[in-house]
Amino acid sequence: MATLKEILTRRPVAATIRLTVPAGAARPAPPVGPALGQYRLNLMAFCKDFNARTQKYKPDTPMAVTITAFKDNTFEFTVKSPSVTWYLKKVAGIESGSGRPGHVVASTLSLKHIYEIAKVKQSDPYCQYMPLESICKSIIGTANSMGIKVVKELD
Amino acid sequence: MSMSLRHFFKHFPYTLSRYLTHPPYQYAAPLSLLSTLSFRNYEPTNHSTPSPLFTKKFSISSSVYTSLDTPSSPAYLSVRIRCQKHLIDDFSEALLCFGASSTSVDEEDGCESSDEIFIDSIFPESEDVDTCISCAVDSIGLKEIPSYEVKIGDQYNWIQKTQESFHPVKVTEGLWIVPEWRTPPMIKKSHEDTSTCTHISESSTFASSLQDGEATNIILNPGLAFGTGEHPTTMLCLLLLQGLIKGGELFLDYGTGSGILAIAAIKFGAALSVGVDIDPQAITSASHNAAVNNIGPDKLKLVLVPDNTRPPSKDEREDGLKNDHNSYQTGAIAEIDKYDVVIANILLNPLLELADDIVSHAKPGAVVGISGILSEQLSHIIDRYSTLLEGISVSQMDDWACVSGTKTNPADS
């Protein structure tokens, strides 16, 4: 809920840009360069800012960034943790989901793994107020769509 | 799958089906067709190795990059897709999952009331755009593939646009950072001369700097290296440097980027500046900037050091060999216990890992400055450096911080 002051001083938005950038490795080259350069944004400031804020993640984890570019060439951005599918693939140790989810099982994970992923995801801005159980359920749903089976305990 | 794709081809206004055989569509004028044709005949077998023909292409043009060895940034594909407004978020996310490098959506001005909007997406050159878009469309449950057009992205366009946003920056009284392609603020005694600098918004503070007499202007072309002078960390470091350099010092710029701190030190009166960096692009930019500011190799040395935190990639080793013609470069790694002032403006993780190395280059009792850290990361830095430095003081600007201290004498510990 935006306050009245925020609404009055809200700058006109020029564009919304979505990007995937490896943590700590933003450079002015493509993909960052052309995407932001189009709107005359200060590339270096973004790279430095992004790299500084993603220092706590493992290097080269692909982070999803959403940048709001304003018409006066300033910008704001939010960094989200990597996608659930990326985490699942990493934890299961597979390169890609199964070709036929529901029929072919690509890998198996235990509830403990799901719980760990859910904890990381909870620090995401839009997940913060969701109970952990709901986050787990949505992760299990994603896992099913990728052909990853979730069991209570792994032997 | 490919059968169903066939009847979607009629949606394209035009396609670049095999971009290897057609010359690329360039919408910025400067490039001559000859150079682009010669580029296109070169079969890129491995997209990750730098293409030598790229540097030739840039040298023919008349843009600002003529004197710089530009990086071999790979070409990219720019795709413009129609989409319905309520599907934008899902579709953008899906595109990113299936291989797009980025998606951007322009805000409607409100005068267009149509339901559809364009998504501009950028793909790496090697990506199969058709498959990616059809997978994305499938995953969000859309029945048919929307119309889209594919263009080869133009390197120049975005580089030039970012350069345009670079204006002269006032760091403090009497110190300006000016882009190479803009006129530096004319310092004359008469106040009527502010008309030449109307593009600077702070004309009132500028008028007061006129009374200072000569202001130090650092002319800069950052290229693709970090350090335009606008960032709070650069400003903090420059202010620190201004207070420290009295004349005749030896200065080490650890992580030099565009060379701005090394150049500033010389302008303030240091005897010798040495800049080190792991990025060959930074060394190139810094040597160019030194030349533009008329600083010779005797006053400013640049060293390309290997990145000790990662295993060297094939590209870095090759580039290291190419840079030997650079007169500013010396092979000697910066020596230990030599420098009166050391400043490292990089990032938290390298600062923590390389703490010992950074401080080792300073003389005992010399000042070491650390920046490139967010205020929230301050405690980590202070913890790490408290054993190496004494008299630690912190300066902050916006969200960024700069830590400085003097190196402990070995006799004291």
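When DSSP beta bridges are restricted to pairs lying wholly in chain A, around 80% turn out antiparallel. Remark: spin-label model distance B:S360-A:V120 equals 3.4 nm, labels positioned 7 Å along the Cα→Cβ axis. If only the Cβ of Lys and Arg carry +1 and only the Cβ of Asp and Glu carry -1, the dipole of the range A:50-155 around its Cα centre is close to 80 debye. Full extension of the chain between B:E353 and B:E164 gives 64.4 nm of extra length, using 0.36 nm per residue less the Cα-Cα distance.
Multiply the residue separation of B:D298 and B:T216 by 0.36 nm, subtract the distance between their alpha-carbon atoms, and state the gained length in nm to one decimal.
27.5 nm
Shielding by partners for A:39-52, please: the mean number of other protein chain Cβ atoms within 10 Å of each residue's Cβ.
6
In this structure, the amide hydrogen of B:A366, modeled 1.01 Å from its nitrogen in the peptide plane, lies closer than 5 angstrom to those of B:K407, counting only residues at least 5 positions away or on a different chain.
Could you order the peptides B:80-86, B:132-138 from most to least packed, using the average number of other C-beta atoms within 10 Å per residue? Walk me through the numbers before you get to the answer.
Details: B:80-86: 15.7, B:132-138: 20.1.
Answer by packing, highest mean first, reads B:132-138, B:80-86.
What average number of partner chain Cβ atoms lie no more than 10 Å from the Cβ of the residues making up A:129-137? Counting Cβ atoms of other protein chains within 10 Å of each residue's Cβ and averaging gives 0.
Could you give the longest part of chain A that holds none of the GluC sites (Glu not before Pro) found in DSSP loops with at most 10 neighbouring Cβ atoms within 10 Å?
Details: sites that count: A:E95, A:E153.
Maximal segment without exposed cleavage sites: A:1-94.
In a reduced charge model with +1 at each Lys and Arg Cβ and -1 at each Asp and Glu Cβ, the range A:55-102 shows a dipole moment near 220 debye about its Cα centre.
Counting 0.36 nm for each residue step from A:Q128 to A:A25 and taking away their Cα separation leaves a gain of 34.4 nm.
Farthest toward the positive end of the dipole of the range B:115-172, out of B:I133, B:T172, B:V150, is the Cα of B:T172, where the dipole comes from beta carbon charges about the Cα centre.
In this simple spin-label approximation, A:S96 and A:K80 carry label points 7 Å from Cα along the Cα→Cβ vector, and these lie 2.3 nm apart. With a 10 Å cut-off around each Cβ of A:18-25, the average count of Cβ atoms from other chains is 4.
Span-like helix criteria (full DSSP H runs; alpha carbon extent of at least 20 Å along the helix axis; mean Kyte-Doolittle hydropathy of at least 0.0) are satisfied in chain A by A:132-146. For chain A, which longest stretch is free of loop sites, where a loop site is one of the trypsin sites (Lys or Arg not before Pro) that DSSP puts outside H, G, I, E and B and that has at most 16 other Cβ atoms within 10 Å? Value returned for the longest uninterrupted segment is A:72-151.
Paramagnetic label reach from A:S110 (point 7 Å along Cα→Cβ; backbone nitrogen cut-off under 13 Å): within the range A:126-155, residues A:151-155. Got a sec? Charge dipole of chain A, +1 on Cβ for Lys and Arg, -1 for Asp and Glu; which of A:T68, A:T20, A:V104 is way out at the positive end? So the residue furthest toward the plus end is A:T68. Under 5 Å from the amide H of B:G255 lie the amide H atoms of B:V276, B:D277, each residue being 5 or more positions distant or on a separate chain, with H modelled from the backbone and absent for Pro and chain starts.
Where a number appears in this text, it was derived from the coordinates with a stated rule and is not lab data. In this text, all values refer to a predicted model and were calculated from it rather than measured experimentally. Don't worry about glycine lacking a Cβ; one is built from the backbone with ideal geometry, like all the others, and counts go over all protein chains shown.
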